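Structure first, then comments.
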Amino acid sequence: MDGSNDLNMKWLRVALEIIGALLLIVAVAAGWSAYSGTSEKVNTAKPKDVLFILNWTGISTHQDFKVLASYQSPRSSTGDHLDFYCIELSEFEATAYAKTEWEDAPETDPLLVQALEAGVSAAREHNDCFPSALEANSVGIKITFRSVVLNDRHPTSADIILYDPKSSKLYYVSYKT
């Protein structure tokens, strides 16, 4: 009987050591995840990081393009953030399905204008690559609003993409406040 108690205690000790090691791994992973989400990333984006923007807008990813500026803010627990990218394209040709998503500026819907102004102004605070709000909503600019979320008829979140044919620049801004 004494031998079986020793064996049971040995298995219990091993099980507790395994559980402790797993909990330590989870704690380290959670700490790393929390830390990596709290630092801003300035001008670290590579071309592969912006492919989603080209795909969203139906612009060919098989071209020369360069990320001129980028910014990713830390994330809050509620998802508040500001991300933007300034991209120089060698060509702008939207696929047939995406052509209907692009609109010519100026935007006239007051809520969309508010969303555009908020996003562009926030991006300009971090980098002057973005056009001013006035330039962003001027004749010649192409705009697509991927999403705009309103709270009490005020934009609180948006994903907006602009294209300026004069400079061959594509601008993306995403924010949530």
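Take the Cα gyration tensor of the chain, multiply each eigenvalue by 5, square-root it, and list the three semi-axes largest first, rounded to whole angstrom. Write down the numbers at each step before the final one.
Details: eigenvalues 462, 69, 44 Å².
Semi-axes (√(5λ), whole Å): 48, 19, 15.
Using only Cα atoms, tell me the angle between helix 110-126 and the longest principal axis of the chain; keep it within 0 to 90° and round to the nearest 10.
For 110-126 against the chain, the angle is about 70 degrees.
Which angle from 0 to 90°, rounded to the nearest 10, does the C-alpha axis of helix 2-36 make with the longest principal axis of the chain?
20 degrees
Mind checking which lysines have their C-alpha under 17 Å from Lys166, skipping anything on the same chain fewer than 8 residues away?
Partners within reach: Lys66, Lys142.
Please rank Phe130, Phe65, fewest neighbouring Cβ atoms within 10 Å first, as an exposure proxy.
Values: Phe130 26, Phe65 20.
In order of increasing Cβ crowding within 10 Å: Phe65, Phe130.
Note down the relative contact order for the chain as a percent, whole number, built from C-alpha pairs under 8 angstrom at least six residues apart.
On the way: 280 pairs, mean separation 34.2, N = 177.
Relative CO of the chain lands at 19 percent.
To make sure I understand, if each residue's beta carbon is the centre and we count other beta carbons within 10 Å, what order do Ile160, Ile25 fall in, fewest to most? Don't skip to the end; give the middle numbers.
Values: Ile160 26, Ile25 10.
Listed from fewest to most nearby Cβ atoms, that is Ile25, Ile160.
So how strong a dipole does the chain carry about its Cα centre when Lys and Arg Cβ are +1 and Asp and Glu Cβ are -1, to the nearest 20 debye? Walk me through the numbers on the way to the answer.
Values: 15 positive and 23 negative charges, 76 e Å.
Around 360 debye, computed over the chain.
Report, in deg cm²/dmol and to the nearest 500, the calculated mean residue ellipticity at 222 nm for the chain, where each DSSP H run with n ≥ 4 adds -39500 (n - 2.57) and the sum is divided by the residue count.
Numbers: 5 runs with 67 residues, N = 177.
Helix-only estimate at 222 nm: -12000 deg cm²/dmol.
Since every read-out is calculated from the coordinates, none of them should be taken as a lab result. Keep in mind that what you see is a predicted model, and the values were worked out from it rather than measured. A quick note on method: Cβ atoms are made from the backbone with ideal geometry, for glycine too, and the neighbour counts reach across all protein chains shown.
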